[in-house]
Each structure stands twice: as structure tokens, then as C-alpha cells.
Amino acid sequence: MDVYCGIDWAEDHHDIAVVDRDGQLLARRRISDDAAGLAQLLGLLAGHGDTPQDPIPVAIETPRGLLVACLRATGRQVYPINPMSVARYRDRHSVAGRKSDHGDSVVLAGVLRTDIAMHRPLPADTELAQAIAVLARAQQDAVWDRTTAHNKLRSCLREYFPAFLAAFADARGGITRPEARAVLAAAPTPADAAKLTVTQLRAILKKAGRSRALDTEATRIREAFRTQQMRQLPLVEQAMGRQALALLGQLDAACAAADDLEHAVTQSFNLHPDAGIITSFPGLGALTGARVLAEIGDDRSRFQDAKGLKAYAGAAPITRASGKTRSVTRRRVKNNRLNAAGYIWAFSALTASPGARAHYDRRKDAGDRHAAAQRNLFGRLLGCLHHCLITGQHYDEATAFPAATKQSRRAA
């Protein structure tokens, strides 16, 4: 269809422009951000030839929101255009720097008219994949919030209660462990902690969920709290204890949210048809696999080849060449969430896959630093994942790393 639509969105209204293939403005309208506005938009598009078989493509500056979700539900292609790109397109038509909401909607429609092949529409992911994406991203945000809350609480405790940090320094999870948070809630200051008895500590640990070596652990914590340590002034210590309790509340909420969302995302991920293929890869469990699926989706036409997926994830290097100058550096513009999941994936694969470990060691021997070698391994695994998802196969170590597999067989 030779008709294109541009939408300049705002919080309470949206400006619409419809242009033809010659750039002539066919219609313009401002709609409200509600069901009535959506009906006006769909009616406007229908009046210019929009049909379910041949929908008019839409360009907008955001990939999310109710308007975008409803437009995607109609089966049309929705192109999220980066606002920086829109600004560059705007400069092609107005050197004076003039800007308006209606003008931006015309510019967005013009982007599709002239360069639709240069932009990527939102993928046609299934409803389940979109739901997994919401839960996986929320869980990842909760984990980052938990880390932030942990760091704030730890910084506060260092100022007046270092003995508490020392008491749980060797425990996995540190002060994020349920028993550590329960003890701090019962005794937020060194003075309160020194008064705790073994019986009281044992009851606190048991209530927090610990079931093994309760007496031993309670005795260890009591001795740690009663060791000689530097102290703040009494009133300052009490004030900092109240501050720690406030920060502890934030940490408790972040931990609860991360755990609840982890259960929800893994439950939804296990229902997806691609879950078996994704978790067949070494280093990919249900949670990390859900994060990977959330970012790559299940639209098989989204990436034409493995190179596009690697570039999207930041696993492919970027080359800059001009004259006799040529440089190859890591890619900074990428999907940060997929890249973060890839770091965990590649790191876990080092111990779960002999082939992955051999590939990493080979890159290190060639001169790569740890981050570069791990990023290269991530790219290799992404290429294998792309192939397996397209062909419907599960991961096979001998196919993914044939050289390492043959070498291990010879050694055996």
C-alpha cells in the first residue's frame, strides 16, 4: 500500500498524519489517548484504504504503550523510530529548526515513505512470548533494585555496625539472606545485638527458614556481635539503626518482588514451545532462558540470519574503516538486557560445556582478554541458538564444538 501513517505521541493526546507515496498530506488529526481516540484513528486509516489484508503501516517514536499494543493487535506493521533519527529527518526539511507535534507526525510518515526498508517493525511475537517479556524484564528490574537496596543498606551498616557485615560475610547472599534480614530486623544496632541470647537467635533463625545447625549458627552470630568493635555515639547509633530499618524494608520488598516474579516468569516460560530448545543449551536455565526469549521473541522472521541476532545482542564487533585507518571494537549500541543475560549464559557455559571452555581458552590464547573471549563465546552460542530455533533442533555439543569434541574423545 502506498499510504503511510505517522503518529507523534504524548501522554494525553496523539497527532496523526497520513501521506501518500508522493508525500502529499492526505489527512491530519489529533486524537485522545483512550478508546475513542483509537476508534478515530482506525476510522481515519480505513477511510484511506486500510484493510485487514493490506493494513497501512504506522511509524511512532515509542515501542510500548496501550496505543502501540492495540495497533499491533490489528496485525499491522508498527515501526518504532528512534527520536534521534526523527530529529535528523526533520532537519532535512527545515533548516530553521522549526518543530511542532503535527510536523513531527508528518516527518514520521515520511520516514516510512522514503526509507521503510531501512527500519525494522516490531516483531510479530505471540501473546505468550509478550507476556514472558513483561515478566522477565520486571524480574530483571527487581534484581537490579535488590542490588541497589543491598548496596545502600551495606553502606549504612559499614558506618556504625561492621560486626553485622562480618557475621554474614561468608554466607552465600550475605545480608540478602532471609536469616540475616531477620536478625537485623530484631537487632538494628550493636547495643541491641549484644543483648540477644543464643535462644533468641535460634528462634529468629528458625522463623526465617533455617533448619540445620541452629545452635551452632546462633552461637557463632552471638560471639560475632559481642566482639569488641568501634561504636558511634549512642543517639547517633540509634538514629542510624532507624535508617537501617528503613533501608531493610526496601531490601525486603525488593527480595520478595524478585522471588515472586522469578516464580511467575519460569512458570510461563515452561509453557512456551521454545523452552525445551533454549534450556537444552549449556548454561541456560529457566530464568536466564526466559530473559533470552523475552528479548529475541519467537517471531522467526525478526532476524534474517545469525549475524543480525549477534549485532542486536552486542556480541558482534563493529568495524570502522576510513582510508588506511581501520579499527574493530566492541558494539556499544545493543540490547542491554539481552547482553546482560548473555554474560551470565556464557559464564555458566564455561563449566557446563567442554566445547565452550575450549573455545574460551582458544580465544584467550589468541590474545583476547576475559571480557572479549567471553563475548566471542556468547556470539558463538547465539549463532547455535538461532540455528536450533529455525530448524527446531535441540543443542548438540558435537555439532556446536566439533573440534573440542574430537579432542576430548582422543584424550579418552
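Structure data summary
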quantity: Qualifying positions in the range 284-315 - over 17 Å from Thr126 (Cα atoms), open to solvent by 20 Å² or more (accessible area, probe 1.4 Å) and not acidic (Asp, Glu); calculated: Gly285, Ala286, Leu287, Thr288, Gln304, Ala306, Lys307, Gly308, Lys310, Ala311, Tyr312
quantity: Given (1) open to solvent by less than 20 Å² (accessible area, probe 1.4 Å); (2) of a type outside the set (A, V, I, L, M); (3) under 23 Å from Ala258 (Cα atoms); (4) outside any helix (DSSP H, G or I), index of the condition Pro188 fails; calculated: (3)
quantity: Enumeration of residues in the range 71-108 that are more than 20 Å from Leu25 (Cα to Cα) and assigned to a strand (DSSP E or B); calculated: Pro80
quantity: Lone unmet requirement of (1) within 28 Å of Thr126 (Cβ to Cβ); (2) touching a helix residue (DSSP H, G or I) at 6+ places or on another chain (Cβ under 8 Å); (3) assigned to a helix (DSSP H, G or I); (4) among the β-branched types (Val, Ile, Thr) for Val68; calculated: (2)
quantity: Conditions (1) of a type outside the set (A, V, I, L, M); (2) under 30 Å from Arg137 (Cα atoms); (3) open to solvent by 90 Å² or more (accessible area, probe 1.4 Å): number failed by Arg231; calculated: (2)
quantity: Within the range 296-340, considering residues that are assigned to a helix (DSSP H, G or I), among the small types (Gly, Ala, Ser) and free of Cβ contacts under 8 Å to residues at least 60 places away in the same chain, the one nearest to Asn376 (Cα to Cα); calculated: Ala311
quantity: Test set (1) more than 23 Å from the chain's Cα centre (by Cα); (2) touching a residue at least 12 places away in the same chain (Cβ under 8 Å) - Gly97 fails condition number; calculated: (2)
quantity: Those residues of the range 109-129 which are open to solvent by 50 Å² or more (accessible area, probe 1.4 Å), farther than 21 Å from His14 by Cβ, touching a residue at least 40 places away in the same chain (Cβ under 8 Å) and outside any loop (DSSP other than H, G, I, E, B), in sequence order; calculated: Leu128
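To keep it simple, each residue is scored yes or no on (1) open to solvent by 20 Å² or more (accessible area, probe 1.4 Å); (2) at pLDDT 90 or above.
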residue	(1), (2)
Ala39	yes, yes
Gln53	yes, no
Ala69	yes, yes
Val78	no, yes
Asp91	yes, no
Lys99	yes, no
Val134	yes, yes
Ala138	yes, yes
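Yes/no per residue for (1) out of contact with any Lys or Arg (no Cβ under 7 Å at 6 or more places or on another chain); (2) closer than 30 Å to Val183 by Cβ:
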residue	(1), (2)
Ala218	no, yes
Gln229	yes, yes
Gln238	yes, yes
Ala244	yes, yes
Leu271	yes, no
Ser280	yes, no
Gly283	yes, no
Leu287	yes, yes
Gly297	yes, no
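The values are calculated or read from the model by the stated rules, or taken from the named source; none is laboratory data. For clarity, every value in this text was computed on a predicted model and none was experimentally measured. Note that each Cβ is placed from the backbone with ideal geometry, even for glycine, and that neighbours are counted across all protein chains shown. Heads up: the accessible areas ignore ligands, DNA and RNA and are worked out on the full protein's heavy atoms, side chains in. Shrake-Rupley method; radii C 1.70, N 1.55, O 1.52, S 1.80 Å.
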